1. Could you please let me know if B:Phe121 is open to solvent by 60 Å² or more (accessible area, probe 1.4 Å) and farther than 30 Å from B:Arg208 by Cα?
2. In this structure, does B:Ser286 turn out to be hydroxyl-bearing (Ser, Thr, Tyr) and either at pLDDT 85 or above or farther than 30 Å from B:Lys39 by Cα (or both)?
3. Being under 29 Å from A:Lys342 (Cβ atoms) and out of contact with any His (no Cβ under 8 Å at 6 or more places or on another chain) is true for just one of A:Ser251, A:Ser281, A:Ser297. Which residue is that?
4. Go through the stretch A:197-222 and count every residue that is open to solvent by 30 Å² or more (accessible area, probe 1.4 Å) and under 18 Å from A:Ile175 (Cα atoms).
5. Considering only strands (runs of 3 or more DSSP E) fully contained in the stretch A:223-303, which possess at least 2 residues that are open to solvent by less than 20 Å² (accessible area, probe 1.4 Å) and of a type outside the set (Ser, Thr, Tyr)?
6. I'd like the full set of residues that are open to solvent by less than 40 Å² (accessible area, probe 1.4 Å) and either closer than 23 Å to A:Asn151 by Cβ or at the interface with another protein chain (Cβ under 7 Å from one of its Cβ atoms) (or both), limited to the stretch B:174-195.
7. Being open to solvent by 50 Å² or more (accessible area, probe 1.4 Å) and either charged (D, E, K, R) or more than 16 Å from ligand 1 (Cβ to nearest atom) (or both) is the filter here, so list the residues in the stretch A:162-184 that pass it.
8. Suppose we keep only residues that are in a helix (DSSP H, G or I) and either of a type in the set (D, E, K, R) or away from chain B (no Cβ under 12 Å) (or both) within the stretch A:126-142. Which one would you say is nearest to A:Asp159 (Cα to Cα)?
Amino acid sequence: MSEFLEFRNVSKRFGAIQAVDGVSLGIKKGEFFSLLGPSGCGKTTMLRLAAGFEYPDTGQVILDGADITDLSPNKRKVNTIFQSYALFPHLNVWENIAFGLRVAKRSKRDIETEVEAMLRLIRMGDQAGKKPDQLSGGQKQRVAIARALINKPQVLLLDEPLAALDLKLRQRMLIELDMIHDQVGITFLYVTHDQGEAMSLSDRIAVMDSGRIEQVGSPAEIYETPRTSFVAAFIGDTNFLEGEVTGLVESEYCQVKIADIPGVICFNDKSMKPGNPVYLSIRPEKIHISRDRPEESRLRNIVPAVVEDMIYLGSTTKYWVRTHGLRVQVLRQHFRFFLDEKPIRWNDDVWIWWHGDDGFMLDRYRAVDEHLVALPPRKVGEPEDNNEKP
Amino acid sequence: MKRESRQKVRESLVSFPSLFWLSLFFIVPTLFVFAIALKPANPYGGIGSGWTWDNLRSLVNPNYLAVAWRTLWISVLSAAVCIVLATPIGYYLARVTARWKGFFLMLIIVPFWTNFLIRIFAWKVLLHPEGAIKKALAFSGLIGPQTSLLYNAGAVVLVTVYTFLPFTILPIYAAAEKFDFQLLEAARDLGAKRLQAFAKVFLPGIRRGLITAVLFVFIPALGSYVIPDIVGGPSGEMIGNKIAQRVFVDRNLPQASALSIVLILSVLAPLVTVLVLQRKRDKPESLL
Ligand SMILES: Nc1ncnc2c1ncn2[C@@H]1O[C@H](COP(=O)(O)OP(=O)(O)O)[C@@H](O)[C@H]1O
Ligand SMILES: [Mg+2]
């Protein structure tokens, strides 16, 4: 399928700030597409470019084959859910939803039937007479959705629509948004800084940083095979281990020397050659931990370690272990609870191991991204962490 | 519930001084005016004894009706022109950057540094048959050489608008400053043209500012005396001038009082209507 909403080499600058920097991006028809990135990376600006509230300095915005770059907002078949909802305070729920049809001069009968249908979709038929300031956050949210959807937009733009809601409500609205997307079947362009939201809702995600797209892919692709260290660090937790390629194994894998751990096996998807410096990223949940030494096996990396910190998280426990001067995060799922099993405790000697396919090699992350790599507090007098610059 | 009523008591305690002030210097004198209107005049410019309806009856007089009608339309027109000018000005003031905002607000306030009377006399000079404006307009052929810019109702409207425009800009600006301009984007997003968004979202959004602004021109314009006296001439006379004539020329205080009562009632009528309407609208539906 070809692209439905397309940004072609779009740039937008505000004074000294390059908010969007040469972005090319294609969104397919009917897709739930998310822009994910830290605050200030240019997500809202991208939406405003699509809605027509901002015009790009260079580049084009294409919708359904037509160049809409210079079209004013009221002429675009896109509608926006604003971060603050922007419901009209002087109109009640019914009138807010009817607004688009009224300015389009639709007949009274049409307006009535369509508003009623929308009120049913958002299950707020009994609240039609209320003014926005009498509604709860979740209700405002739903009215904003209905008000936008009633215009039958080709693309619905959502700017962090759940950010203002509390956790429970957010989870419910997540499900509701997903249902609405399935029901109306239009294209959603969804902006969020919350990876959980993006992961659970999206067909595809574009990870943004400083006005650029770092990676586009399905949630699983982005999580399992991040292309840059920024993506790896921003999406979920990860361990970054710095090392050097020392040899190749069966052409598909290579041996990496990390600190003084020799011969760590890693899948070589980037065609690294011996002598190349690399950054190895391993997700905490991909690393196993136990008191007993696991069996040797092909492509399995086994390293002895000492438990330094642990946090019990209910369904999981997070460990920080030290091995060869490196501090590594390990996440352990509780499958069974053995009464006779001696639990792992602080200062215990343990073994950690992971499969060669579970680590991925990246370029070194940039200094500006360092704040994204969640560092556990370091004890005084300890050697440098693995995440620090050498 | 109990706490609410205690709060109410406390609020009325706070408003007591202003209530006292208002009754001492506004309500009591007004009652005096009402009383004097029902007294006969005596030949020496004083107030006679006994009571009479004659003063009020004499108001029904084509001469007065013409002046009352003129007073009304001059006030309505002045208020309308002020609102039409002040609304876009208030809108832009709220949208420009802070630096420009300060500059423009300065421009609006600077004229107040010059005395009100002097500014009106300045208009008299400007509009004078030998004045610059008249000459320029006549030269460019926009008006005939005999057309007078001064001493007519038009001059009164012009100077009234000039005088009260700042008082309409400020409340509209204050309301616009609190307005959430993202609502205009939302309206445009939903298909409204620029002007539609302005009329359907911005104007209702600054409703209170608009009402205040209207009252700020309309009420003083109804009671105008100085402006028509200086630039109005006989064809620009308003009720205020008639009251002054009854007091200073005829020395007939009861007649002047009767006219004043008409004026007071016509000022109170729109004020009370607006207050009642506003109260009704702002009451949340759940309480009804
Ligand atoms: N109208 C504007 N004027 C000046 N700077 C702006 C404007 N809009 C956005 N920016 C800047 O552009 C950058 C990107 O902003 P934005 O798109 O809102 O980011 P995000 O939505 O990802 O948090 C930020 O640094 C922000 O301060
Ligand atoms: Mg934003």
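The values are calculated or read from the model by the stated rules, or taken from the named source; none is laboratory data. Model, not experiment: these values are computed from the prediction. Reconstructed Cβ throughout: ideal geometry from the backbone, glycine too, with neighbour counts over all protein chains shown. These area figures cover heavy atoms from the full protein model, side chains too; ligands, DNA and RNA do not enter into them. Shrake-Rupley method; radii C 1.70, N 1.55, O 1.52, S 1.80 Å.
1. Numbers: open to solvent by 60 Å² or more (accessible area, probe 1.4 Å): yes; farther than 30 Å from B:Arg208 by Cα: yes.
Criteria met by B:Phe121.
2. Details: hydroxyl-bearing (Ser, Thr, Tyr): yes; either at pLDDT 85 or above or farther than 30 Å from B:Lys39 by Cα (or both): yes.
Here the answer is yes, as B:Ser286 does meet what is asked.
3. Working: A:Ser251 fails: under 29 Å from A:Lys342 (Cβ atoms); A:Ser281 fails: under 29 Å from A:Lys342 (Cβ atoms).
Only one candidate passes the filter, namely A:Ser297.
4. 4
5. Working: elements: A:239-249, A:253-258, A:261-267, A:277-282, A:288-290.
Those strands (runs of 3 or more DSSP E) span A:239-249, A:253-258, A:261-267, A:277-282.
6. Taking the stretch B:174-195 as the starting set, the residues that turn out to be open to solvent by less than 40 Å² (accessible area, probe 1.4 Å) are B:175-176, B:179, B:181, B:183-184, B:186-192.
The answer is B:Phe181, B:Leu183, B:Leu184, B:Ala186, B:Ala187, B:Arg188, B:Asp189, B:Leu190, B:Gly191, B:Ala192.
7. A:Asp166, A:Leu167, A:Lys168, A:Arg170, A:Gln171, A:Arg172, A:Ile175, A:Asp178, A:Met179, A:Asp182, A:Gln183, A:Val184 - these are the residues of the stretch A:162-184 that are open to solvent by 50 Å² or more (accessible area, probe 1.4 Å) and either charged (D, E, K, R) or more than 16 Å from ligand 1 (Cβ to nearest atom) (or both).
8. A:Gln141
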